[in-house]
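Down below is the structure, laid out as structure tokens.
The values are calculated or read from the model by the stated rules, or taken from the named source; none is laboratory data. Note that the coordinates shown come from a computational prediction; the quantities given were computed from them, not determined experimentally. Don't worry about glycine lacking a Cβ; one is built from the backbone with ideal geometry, like all the others, and counts go over all protein chains shown. These area figures cover heavy atoms from the full protein model, side chains too; ligands, DNA and RNA do not enter into them. Shrake-Rupley method; radii C 1.70, N 1.55, O 1.52, S 1.80 Å.
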Amino acid sequence: MGIYTYICFLSALSILIGFITSKISDRIQSTIAISAAAMVGSLVLLVSGKLGWFSIENIATGVMQQIDFKSFLLNGILGFLLFAGALGIKLPILKDQKWEITIFALFSTLASTFIIGGFIYFAALLIGLPISFIYCVLFGALISPTDPIAVLAIIKNLRAPKRLSMQVEGESLFNDGVGLVIFVTIFTVAFGGAEPTVAGIFELFMHEAIGGIIFGFILGLVAHWLISATDDGSMEILLTLTIPTAGFILANAMGVSGALAMVVAGIMIGNWTRNKGFSEQSQRYLDHFWEMIDHFLNSLLFLLIGLALLLINISWQSFLLMLLAIPICLAARYLSLWVPYVALSRFRTYNPYTLKIMTWGGLRGGLALAMALSIPAQTAMIGETQLDVRDVILVMTYAVVMFSILVQGLTIEKMIQQAKKVDPNKEDYLRPTAETKARKNDDLNAYLSK
């Protein structure tokens with residue numbers, strides 16, 4: 001059987017698990033249930049193979065290796081998921097949060113990268129695992145960005161206060177692109193072979209980040225012109241598909257950030273083109289079409305995240321470091337957000353649960369795993385232990401990802417409910433009164449007339 005066959009069966013399995021979850025309880029997030037079921041299934045296969053009950057774990061591992069999780073996400077469905085997420089970003093709310101999102105996406109992601117790298121470096125030394133500092137920072141770079149796929153899939157259904165929701169969702173979309181650029185930059189320094197210079201690193205970062213934003217703007221502009229030039233509803237929707245397909249591949253081929261390009265293009269199509277270029281029929285179907293694609297690909301992705309356990313080799317040293325990595329990543333997330341949050345609090349008032357929700361709701365997902373899997377195997381070894389750096393980083397990454405999805409994802413709802421109670425704008429997300437509905441309609445008409 002080929003890769004297409006495996007993807008078809010895994011897709012059906014993810015949908016089936018989601019269906020069963022919906023029948024058991026509406027309160028359980030299907031993405032969490034799918035990841036948990038896949039992880040448990042992987043454990044059963046591994047344990048049964050070790051005990052000699054039945055040995056199909058090698059077959060399952062072979063399937064995962066053939067699918068190539070890294071290429072499947074980074075060079076495939078990532079464009080679709082980021083574009084779909086960006087379509088739902090409302091530009092007026094984004095403008096209101098522009099400074100928070102910019103500072104959190106740039107400063108906090110970069111600060112978290114080096115905080116995690118430093119703590120992991122010293123923690124590894126304590127357990128007799130002398131990992132080079134550059135590889136510790138590389139782990140910090142891949143684990144620092146919150147994964148918009150995981151965040152949007154879990155948090156957006158909990159109806160958090162709008163400003164708080166935009167801070168979490170907007171930051172996750174942009175720090176995802178920034179995080180990828182930071183990772184590529186540090187990866188090039190670690191494995192590029194050439195002696196790095198400050199000018200060279202800065203040039204690489206700017207080419208990836210600024211190039212991705214400019215390319216995304218051009219892509220969105222071209223798509224807007226094409227969509228505005230036709231009144232065929234089906235063609236208008238089909239034209240949006242060219243952005244995360246050919247547009248995403250072209251961005252990566254040019255060496256600019258495809259992730260940032262998808263976010264910028266998605267925001268343009270979701271705000272400007274939605275109101276100016278689409279026919280009335282297409283406006284009704286745009287969100288439904290992309291929500292369906294988003295839900296389908298998310299289900300498959302979270303299944304593969306759980307099954308990624310089959311690709312991991314665990315030693316006792318990496319197991320100890322894995323246990324330390326979870327609190328280190330949470331502490332680094334809090335510290336990197338706390339500094340700008342305190343500074344910004346001098347100029348505007350925030351929901352008192354903002355810092356807690358942004359820390360605990362900063363979920364990691366498939367993107368971190370894909371970056372960890374992109375590290376070359378048997379290239380960097382750790383001292384006399386001869387452990388592969390890739391294996392150690394992959395173990396830590398998987399532990400942090402599954403903890404964030406299963407533990408943080410399951411417990412964030414209570415925190416958001418508390419935030420709703422103390423938020424001054426409760427009418428924006430609770431059952432609206434007639435007066436509130438009238439005000440919302442007036443606001444919407446004013447916004448659409450712009």
Subject >> Cross-link table Lys23/Lys90; Lys90/Lys276; Lys98/Lys356; Lys70/Lys98, entries beyond 24 Å C-alpha to C-alpha >> reply: Lys23/Lys90; Lys70/Lys98
Original post:
How many angstrom lie between the C-alpha centres of region 70-102 and region 227-302?
Top reply: 11
Subject >> Full-extension gain in nm, Lys276 to Ile20, via 0.36 nm per residue minus C-alpha separation >> reply: 88.1 nm
Original post:
All other residues with a Cβ under 11 Å from the Cβ of Met381 taken together, and with Lys, Arg as +1 and Asp, Glu as -1, what is their net charge?
Top reply: -2
Original post:
Leu335 to Ser234: extension gain in nm, 0.36 nm per residue of separation minus the Cα-Cα distance?
Top reply: 31.6 nm
Subject >> Gln65-Gln418 pseudo-label distance in nm [points 7 Å out on the Cα-to-Cβ vector] >> reply: 4.7
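If you put +1 on each Lys and Arg Cβ and -1 on each Asp and Glu Cβ, how big is the dipole of the chain around its Cα centre, in Debye rounded to 20? Kindly include the intermediate steps, with their values, before the conclusion.
Details: 29 positive and 29 negative charges, 270 e Å.
The dipole magnitude comes to about 1300 debye.
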Original post:
Using only helices, what value at 222 nm comes out for the chain when you add -39,500 (n - 2.57) per DSSP H run of length 4 or more and divide by the total residues, to the nearest 500 deg cm²/dmol?
Top reply: -23500 deg cm²/dmol
**OP:** Evaluate the relative contact order of region 3-436 (contact order divided by residue number), counting alpha-carbon pairs under 8 angstrom at least 6 apart; express in whole percent.
**Re:** 26
**OP:** Give me the accessible area per residue for the chain, probe 1.4 Å, as a whole number in Å².
**Re:** 46
**OP:** Work out the P(r) tail for region 3-436: percent of alpha carbon pairs separated by more than 42 Å, whole number.
**Re:** 12
**OP:** Would you please put 40-46, 183-189, 22-28 in order of how densely packed they are, using the mean number of other Cβ atoms within 10 angstrom per residue and starting with the highest?
**Re:** 183-189, 40-46, 22-28
Subject >> q = 0.16, 0.17, 0.21 Å⁻¹, region 201-316: log10 I(q)/I(0) [Debye, one scatterer per Cα] >> reply: -0.82, -0.88, -1.09
Subject >> Ordering of 236-243, 255-262 by packing [mean C-beta count within 10 Å, highest first] >> reply: 255-262, 236-243
Original post:
What full-extension length gain, to one decimal in nm, is calculated for Ile218 and Leu406 as 0.36 nm per residue of separation minus the Cα-Cα distance?
Top reply: 63.8 nm
Original post:
Once label points are set 7 Å from the Cα along Cα→Cβ at both Met254 and Phe191, what is their separation, rounded to one decimal in nm?
Top reply: 2.5
